[in-house]
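Single-structure report; data block below.
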Amino acid sequence: MVVEMSENLPMDETSETVTQTETADAVAEPSVSAIPADELARLTDDLIGAIKTVYDPEIPVDIYELGLIYRIDVSDERDVEVDMTLTAPGCPVAGEMPGWVADAIRSVDGVGDVEVNLVFDPPWDPGRMTDEARVALNMF
C-alpha cells in the first residue's frame, strides 16, 4: 500500500487510499495488499501517530502537520519506506531528521525494515501545511 501525499490527509478507514474531505488534489493509487484492511488501517494510523512525534526543532509543529512527509509505502511484509523533505535544503538537522523519523516508525508494533528517503522534488512550501499547523504558527 502506498500513500502519496500532496498535503497531509487522514486515511479513510474503509479504503487503502488517502482521502481528502475538502479538495481532491491528493490521490493514492489503489492497491491490493496482503495485509488485512483493518490491520492496514491500524498500522497506517500508528505510523502517522509515530511520525507526528517528530518535530522540526526550529518550528513548534510536528513534521507530518508541516507537510514534510510525501509518501508512506507499506509492503506486504510490513516494511516501510517513507519519502520526506525539509522546509529548506540547508536545514541544520538535514542529516539527523530522517533518522528521527526512522526511529519513530520502528517504534510501531508490527513494522519490518524501515527506509527514509530525503527528497527535494517537489520543493516544500507552506501550502503543504495542515490547518492545524497554520493555527499553531498563526499563519491564517
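Each reported figure results from applying straightforward, stated rules to the coordinates on display, with no laboratory input. As the structure is a computational prediction, the values presented were derived from the model and not from experiment. Please note: Cβ atoms are built from the backbone with ideal geometry, for glycine as well, and neighbour counts cover all protein chains shown.
Structure notes:
- Calculated FRET value between Ser75 and Glu132, using beta carbons and R₀ = 22 Å, to 0.05: 0.15
- Listed values for the range 61-70 are Karplus-derived 3J(HN,Hα) couplings in whole Hz (6.51 cos²θ - 1.76 cosθ + 1.60, θ = phi - 60°), namely 9, 5, 5, 5, 5, 6, x, 7, 9, 9, and x replaces Gly and Pro.
- Cβ crowding within 10 Å averaged over residues, with 110-118, 32-40 ranked highest first: 110-118, 32-40
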